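Comments concern the structure below.
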Amino acid sequence: QVQLVESGGGLVQAGDSLRLSCAASGPAFSSYAMGWFRRAPGKERVFVANINWRGDTYYADSVKGRFTISTDNAKNTMYLQMNSLKPDDTAVYYCAYTFSGRASVLFWQYDYWGQGTQVTVSS
């Protein structure tokens, strides 16, 4: 059982930056993938970014060039550096983990989820 705990959300103004963290605990797998998803009020959960154990990354077009996903394997933590935030980035952000090793954009292909952290960007 992998447990994920997000942190780092908050209320910021447009143009500001935030860094989200996702601390993972539980069994370690030699190949894995992790991702960030978000759910805005009244909308479906959507893909933001993912990363696999090799360090390959992929981003949604809406965040490309502004967000950076990374991992610190020594700390078992994944990060999402969010720069140039916009009001449209307002959402609950969730981290996800799959031991399949396939970094998917589809939320149902992840095995474990965190509880979410709120990000609110004011204009």
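The values are calculated or read from the model by the stated rules, or taken from the named source; none is laboratory data. On a predicted model such as this, the values are computed, not experimentally measured, just so you know. Virtual Cβ from ideal backbone geometry, glycine too; neighbours counted across all protein chains shown. All accessible areas refer to the heavy atoms of the entire protein, side chains included, with ligands and DNA or RNA removed. Shrake-Rupley method; radii C 1.70, N 1.55, O 1.52, S 1.80 Å.
Tabulated results
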quantity: Neighbour net charge for S21 - beta-carbon separation under 12 angstrom, K R +1, D E -1; calculated: 0
quantity: Percent carbon-and-sulfur accessible area, the stretch 45-90, ignoring ligands, DNA and RNA, probe 1.4 Å; calculated: 44
quantity: Average accessible surface area per residue within the chain, 1.4 Å rolling probe, Å²; calculated: 52
quantity: Cβ-based net charge around K43, under 13 Å, with every Lys or Arg adding one and every Asp or Glu removing one; calculated: 0
quantity: Net lengthening on full extension, V105/V5 (0.36 nm per residue, minus Cα-Cα); calculated: 34.0 nm
quantity: Antiparallel DSSP beta bridges within the chain, percent to nearest 5; calculated: 90
quantity: Rule-of-thumb Rg ratio for the chain [Cα; 2.2 N^0.38 Å; N residues]; calculated: 0.98
quantity: Cα→Cβ-extended label distance, 7 Å offset, between Y58 and K43, nm; calculated: 2.0
quantity: 12 Å beta-carbon shell around R66, net charge (K/R +1, D/E -1); calculated: -2
